[in-house]
Amino acid sequence: MLRFISVILFAILAVEAAAQGAVPERRQVVTLDTDFFGGDLQPLFDTTREACRASCLGNPQCHAYTFNTRSNACFPKTGVSEKQPFEGAVSAQIFETDPRVLAQAPDRVKELGFLSEADLGQTRDLALDIGARHPGGQYEVEMMLRAA
């Protein structure tokens, strides 16, 4: 009986852990060839864009970043105050996930019980990376709607 209860408790904890990680708490919207000027936090040099993104997403004070692809330099920012054209810059604004979405994640994961933890991990990774795969920050909403 104790073993059965342990298995059930482990399964419940595994579902809750997967749900917490299924939806990222923050996401990025990427803008190409634009520098988000000003608002710099601690710059990082000789780094990668992925490390720049991870650094910003992991810092609650960071609400944007600019990565200079020419010099491999990262400039985490407190926010976006001014945008300037800069060829080779990859900038991103960071948005918090709606707390209601995060609160609903455990129920959504239970509904998707047929998905493995690996599947959920891949969807989370895609959610974190979709802004970089499909940069849209440089486009106005009306322009995107016309293109669609």
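Ignoring ligands, DNA and RNA, please state the percent of accessible area on the range 45-148 from carbon and sulfur, probe 1.4 Å.
Roughly 54 percent of what the probe reaches on the range 45-148 is carbon or sulfur.
Quote the Stokes-Einstein diffusion coefficient, in whole µm² s⁻¹, for the range 11-148, based on the Kirkwood radius over alpha carbon pairs, a temperature of 10 °C and a viscosity of 1.306 mPa s.
So the translational diffusion coefficient is about 98 µm²/s.
Long-range amide H contacts for T97: which residues qualify at under 5 Å (H placed 1.01 Å from N, peptide plane, sequence gap of 5 or more or a different chain)?
Long-range HN contacts for T97: R26, R27.
Using 0.36 nm per residue, how much length does the chain from E87 to T69 gain when fully extended, once their Cα-Cα distance is taken away?
Extra length available between E87 and T69 comes to 5.6 nm.
DSSP loop chymotrypsin sites (Phe, Trp or Tyr not before Pro) in the range 63-116 with at most 15 other Cβ atoms within 10 Å of their Cβ, which ones?
F114
Rounded to a whole number of µm²/s, how large is the Stokes-Einstein D of the range 92-148 at 25 °C and 0.890 mPa s, given Rh as the Kirkwood radius over C-alpha pairs?
The diffusion coefficient I find is 177 µm²/s.
Add +1 for every Lys or Arg and -1 for every Asp or Glu among the other residues with Cβ under 11 Å from the Cβ of G58, and state the total.
+1
Given N residues in the range 62-130, what is its alpha carbon radius of gyration divided by 2.2 N^0.38 Å?
Taking N as the residue count of the range 62-130, the ratio is 1.53.
The values are calculated or read from the model by the stated rules, or taken from the named source; none is laboratory data. This one's a predicted model, so the numbers in the text were calculated from it and none came from an experiment. Don't worry about glycine lacking a Cβ; one is built from the backbone with ideal geometry, like all the others, and counts go over all protein chains shown. Ligands, DNA and RNA are stripped out before the accessible areas are found, and what is left, the full protein with its side chains, is counted by its heavy atoms. Shrake-Rupley method; radii C 1.70, N 1.55, O 1.52, S 1.80 Å.
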